[in-house]
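*Asks:* Please see the structure below; I have some questions.
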Protein chains: 2
Amino acid sequence: MTTGVRRRMGVEERRQQLIGVALELFSHRSPDDVSIDEIAAAAGISRPLVYHYFPGKQSLYEAALRRAADELAARFREPREGPLGARLLRVMGRFFDFVDEHGPGFSALMRGGPAVGSSTTNAMIDEVRQAAYEQILAHLGVERPPARLQLVVRSWVSLAESTALIWLDGREIPRAELELQLVHDFAALSVVSAAYDEEMAGILIRILGDEPADGPFGELVGRLVALVPGEGKVSTVGKMPAQRLR
Amino acid sequence: MTTGVRRRMGVEERRQQLIGVALELFSHRSPDDVSIDEIAAAAGISRPLVYHYFPGKQSLYEAALRRAADELAARFREPREGPLGARLLRVMGRFFDFVDEHGPGFSALMRGGPAVGSSTTNAMIDEVRQAAYEQILAHLGVERPPARLQLVVRSWVSLAESTALIWLDGREIPRAELELQLVHDFAALSVVSAAYDEEMAGILIRILGDEPADGPFGELVGRLVALVPGEGKVSTVGKMPAQRLR
C-alpha cells in the first residue's frame, strides 16, 4: 500500500487528489485516451495504488465527473438582483469559462463514447440540466411554470449546450459573442412562444418590463425593430390582425 | 437451422424481416427492456435462429437503428419549391410523424443508456444530424455558409431534437403547435444572429424577401411587431442607434 507514495495522505485526501488529477487529464483529452498509468504518474503514485482507491478507470471517471457536475451546476447560481438579461449574461460567462476549462472532456462527455456513455454519466448530465433549468425558473420568478415556459427554458438549456459544443469545434466565433447571443436566443425563444400563447405573453411582458433599454434584452429589441421591417414582402404584415396579444 | 421456421425465407429476406420486427419493438419500448426471446416470438422463429442472423441484441439493435436513421434522414428531404417557411413546416411535420411512430425508442436512443449508447449508435445519430443540416443549408441556397449560419442551422437541428424529446415526455403541448414553433424558432435564431452580423443580415433579408405575408415566417413577424413594443421600458429602445444593419 506504500509503493511509490511520496508522502503519506489520508484515504479521503488521496481520493480527492486523484479525482483532481484525473479531472485535469479528462478535461484536456478525451477520457478514452487517458490511461490509469498516466493518472498514476501525474499523481506521483503507483498504478496498483490508484486501483486501491478506485476499482477501475470508469469509477475514477465518474468521481471526476461528479466533481465537474457540481462545479458546473454551481455556475448557474446567480443572485436574484438586477435585470434578468444581465443576470443571464453573467451565467453564460461562467458557463463558457467552464466549457473553456474542460473543453475536450466536455465534448467527449456530451457526444458519448465507450468510456463516457454510461447510465451513471447520463444521469449526472441530466442532473446538471435540471439544476440549470430550476435556476432559470427561479430567476423568472414563476412558481408554477406553464408547459410552454418549461419547454422554453429546457430547450434553451439544450441550446446553450449545443452552442458550446459547436464553439469548441474550431472556436470560429468569439465566445463573448456567443454568450450574448444565447441571452438573446432566450428572449427570442420566449417571444416566439409568447406570440402564440397569452399566458406566455403575460410572463414575457412582465419580464421585459423590468429590463433597462441598455441591457442585453433592450439592445436586442432595438436591433430587431431596426431589422424586422426590411425590404421584403414581410414588411407588409404590420397590418395583420395580430394585435390581440397586447 | 430450420427450427420453428414457419415458412422458408432467404437469408437477406429473413434479416430484413427481423430488422423490421425489432424496430417495431424497439420503437415502443426502451431497447433495454426488449429481449431476444420477444423478438424471436414476434418474428415467429426460435431464439437460436435469431442468433444465426445477428450475433447479439446489440447488432440487431444497430441494424434496426440503421434503418430508422435512413428513414429519418429521408424525411428532411423536401422539394426546393415555394417559400422556405412552408417547406420547413412540412419537414417538421414529417419529423414529428417519425418521433410519434418511434417515441419510446427515440427517447431511449437520444438519452443514452446501457443498450443504446455505443460509438456506433452515436455515429448514426451524428449522421442524421449532418443530413438534416445539409438539407436545410441546401434550402437556404447558401453554398459556402459562414460560421454564424452554420451555428444557427446546427443549433436549430439540436433544438428540434430537444423539443421533440420534451414533447414525448407527457405530450402536454399539441405537436402541430410545436412544429410551427420550431419553424419560428429557426427564424428567431436567424434574426438574433443577423442583429449582430451584417453577412447574416444579408442572408436573412434575402430569405425573408421571398416569404409571403401569410406564410409561417410572415405571420410570425406580424405577431412579433405587435408584441415587441409592449408596455415595458424596452418600448423606448426604438430610438437606439441600431439602424446600421438596414
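The values are calculated or read from the model by the stated rules, or taken from the named source; none is laboratory data. Treat the numbers as computed from the prediction; the structure is a model and nothing was measured. Backbone-built Cβ (ideal geometry, glycine too); neighbour counts: all protein chains shown. When the accessible area is computed, the model is the full protein with side chains, heavy atoms only, and any ligands, DNA or RNA have been set aside. Shrake-Rupley method; radii C 1.70, N 1.55, O 1.52, S 1.80 Å.
*Asks:* In what sequence, largest accessible area first, do A:Ser27, B:Ser118 appear using a 1.4 Å probe?
*Replies:* On the way: A:Ser27 5, B:Ser118 30 Å².
Ranked list, largest accessible area first: B:Ser118, A:Ser27.
*Asks:* Using R₀ = 30 Å, calculate the FRET efficiency as 1/(1 + (r/R₀)^6) where r is the Cβ-Cβ separation of A:Gln17 and A:Asp100; round to 0.05.
*Replies:* Step by step, r from the Cβ atoms, then E = 0.80.
*Asks:* Now for a separate question. Tell me, what is the percent relative contact order of segment A:68-228, built from C-alpha pairs under 8 Å that lie six or more residues apart? Provide the component values of the computation, followed by the final result.
*Replies:* Numbers: 120 pairs, mean separation 47.4, N = 161.
Contact order relative to length: 29 percent.
*Asks:* While we're looking at this one, here's another question. When you look at the Cβ of every residue in B:192-199, what mean number of other chain Cβ atoms sits within 10 Å? All intermediate terms of the calculation are to be shown ahead of the outcome.
*Replies:* Working: counts 14, 6, 4, 13, 7, 3, 0, 0.
Rounded to a whole number, the mean comes out at 6.
*Asks:* Assign one of three labels to segment B:72-158, namely rounded, prolate or oblate, based on the Cα gyration tensor with a ≥ b ≥ c the square roots of its eigenvalues; rounded applies when a/c is under 1.5, prolate when it is not and a/b is larger than b/c, and oblate otherwise.
*Replies:* Numbers: a/c = 2.70, a/b = 1.52, b/c = 1.77.
Oblate.
*Asks:* Then there is this: Relative contact order, percent, of segment A:11-59 when contacts are C-alpha pairs under 8 Å separated by at least 6 residues? Intermediate values should be presented prior to the final figure.
*Replies:* On the way: 26 pairs, mean separation 17.8, N = 49.
Computed value for segment A:11-59: 36 percent relative contact order.
*Asks:* If Lys and Arg each add +1 and Asp and Glu each add -1, what is the summed charge of the other residues whose beta carbon sits under 11 Å from the beta carbon of A:Glu101?
*Replies:* On the way: positive: A:Arg75, A:Arg94; negative: A:Glu24, A:Glu71, A:Asp97, A:Asp100.
In short, -2.
*Asks:* In the neighborhood of A:Ile19, defined by Cβ-to-Cβ distances under 9 Å, what is the net charge if each Lys or Arg adds +1 and each Asp or Glu adds -1?
*Replies:* On the way: positive: A:Arg15, A:Arg66, A:Arg67; negative: none.
Net charge around A:Ile19: +3.
*Asks:* Hey, another quick one. Could you tell me whether segment A:11-59 comes out rounded, prolate or oblate from its Cα gyration tensor? Rule is a ≥ b ≥ c as square roots of the eigenvalues, rounded for a/c under 1.5, then prolate if a/b exceeds b/c, otherwise oblate.
*Replies:* Details: a/c = 1.62, a/b = 1.42, b/c = 1.14.
It comes out prolate by the Cα gyration axes.
*Asks:* Roll a 1.4 Å probe over the protein heavy atoms and report the accessible area of B:Lys57 in Å², nearest 10.
*Replies:* Counting only protein heavy atoms, the figure is 50 Å².
*Asks:* So, one more: Need one word for segment B:64-227: rounded, prolate or oblate. Basis is the Cα gyration tensor (sqrt eigenvalues a ≥ b ≥ c); a/c below 1.5 gives rounded, then a/b vs b/c decides.
*Replies:* Numbers: a/c = 1.98, a/b = 1.55, b/c = 1.28.
Note, shape of segment B:64-227 comes out prolate.
*Asks:* Then there's this: Mind listing the phi-derived Karplus ³J(HN,Hα) values for segment A:186-194, rounded to whole Hz, using 6.51, -1.76 and 1.60 with θ = phi - 60°, and x for any glycine or proline?
*Replies:* 3J(HN,Hα) across segment A:186-194, in whole Hz: 4, 4, 5, 5, 5, 5, 4, 5, 5.
*Asks:* Turning to a different aspect of this structure: As a test of reading the structure, rank A:Arg77, A:Arg8, A:Arg29, A:Arg94 by solvent-accessible area (1.4 Å probe, protein chains only), most first.
*Replies:* Values: A:Arg77 140, A:Arg8 170, A:Arg29 90, A:Arg94 65 Å².
Listed by decreasing accessible area, they come as A:Arg8, A:Arg77, A:Arg29, A:Arg94.
*Asks:* With the full set of protein chains in place, find how many percent of the accessible area of segment A:11-59 is carbon and sulfur; take the probe as 1.4 Å. Intermediate values should be presented prior to the final figure.
*Replies:* Numbers: 1260 of 2240 Å².
About 56 percent, which is the carbon plus sulfur part of the accessible surface.
*Asks:* Right, next: What do the square roots of 5 times the Cα gyration tensor eigenvalues come to for segment A:1-143, in whole Å, largest first, as semi-axes of the equivalent ellipsoid? Provide the component values of the computation, followed by the final result.
*Replies:* Values: eigenvalues 225, 49, 34 Å².
Ellipsoid half-lengths, sorted descending, are 34, 16, 13 Å.
*Asks:* Roughly how many Å² of B:Tyr196 are accessible to a 1.4 Å probe, to the nearest 10?
*Replies:* Counting only protein heavy atoms, B:Tyr196 exposes about 60 Å² to solvent.
*Asks:* What list of ³J(HN,Hα) couplings, whole Hz, do you get for segment A:164-169 from phi and the Karplus terms 6.51, -1.76, 1.60, once you set θ to phi - 60° and write x for glycine and proline?
*Replies:* Ordered by residue, 3J(HN,Hα) equals 5, 5, 5, 4, 4, 7 Hz.
*Asks:* I need the peptides B:141-151, B:158-168, A:15-25 ranked by packing, meaning the mean over residues of other C-beta atoms within 10 angstrom, with the highest value on top. Write down the numbers at each step before the final one.
*Replies:* Details: B:141-151: 15.6, B:158-168: 21.5, A:15-25: 18.8.
My ranking of the peptides, most packed first, is B:158-168, A:15-25, B:141-151.
*Asks:* Sticking with the crude label model, points 7 Å out along Cα→Cβ, report the distance from B:Glu127 to A:Asp214 in nm, one decimal please.
*Replies:* The modelled label-to-label distance comes out at 5.4 nm.
*Asks:* Can you tell me the FRET efficiency between A:Ala74 and A:His52 if r is taken as the Cβ-Cβ distance and R0 is 41 Å, rounded to the nearest 0.05? Show your work: numbers first, answer last.
*Replies:* Numbers: r = 30 Å, r/R0 = 0.73.
So, using R0 = 41 Å, E works out to roughly 0.85.
*Asks:* When all protein chains stay in place, what accessible area (Å², nearest 10, 1.4 Å probe) is found for B:Glu81?
*Replies:* My reading of the accessible area for B:Glu81 is about 130 Å².
*Asks:* Report, by chain and number, residues whose modeled amide H sits under 5 Å from the one on B:Ser30, excluding near sequence neighbours (fewer than 5 apart, same chain).
*Replies:* The list, which skips near neighbours in sequence, is empty: none.
*Asks:* Between chains B and A, what is the buried accessible area in Å², counting both sides, with a 1.4 Å probe and ligands, DNA and RNA left out, to the nearest 100? Walk me through the numbers before you get to the answer.
*Replies:* Values: alone 13550 and 13580 Å², together 21220 Å².
It comes to approximately 5900 Å² buried between B and A.
*Asks:* Still on this model: How many partner chain Cβ atoms sit within 10 Å of a residue's Cβ in peptide A:182-190, on average, as a whole number? Mind showing how you got there, number by number?
*Replies:* Details: counts 2, 1, 7, 8, 1, 3, 11, 8, 1.
Average per residue, whole number: 5.
*Asks:* Moving to a separate point now. Let me know the mean shielding of A:125-132 by other chains, meaning the per-residue number of their Cβ atoms within 10 Å of its Cβ. Write down the numbers at each step before the final one.
*Replies:* Working: counts 2, 2, 0, 0, 1, 0, 0, 0.
The shielding value for this peptide is 1.
*Asks:* Can you figure out the FRET efficiency of B:Glu81 with B:Glu143, using R₀ = 22 Å and their beta-carbon distance, to the nearest 0.05? Spell out each step's value before the answer.
*Replies:* Working: r = 19 Å, r/R0 = 0.86.
My answer for the efficiency is 0.70.
*Asks:* Follow-up question, since we're still on this one. In what sequence, largest accessible area first, do A:His184, B:His28 appear using a 1.4 Å probe? Kindly include the intermediate steps, with their values, before the conclusion.
*Replies:* Numbers: A:His184 0, B:His28 105 Å².
From most exposed to least exposed: B:His28, A:His184.
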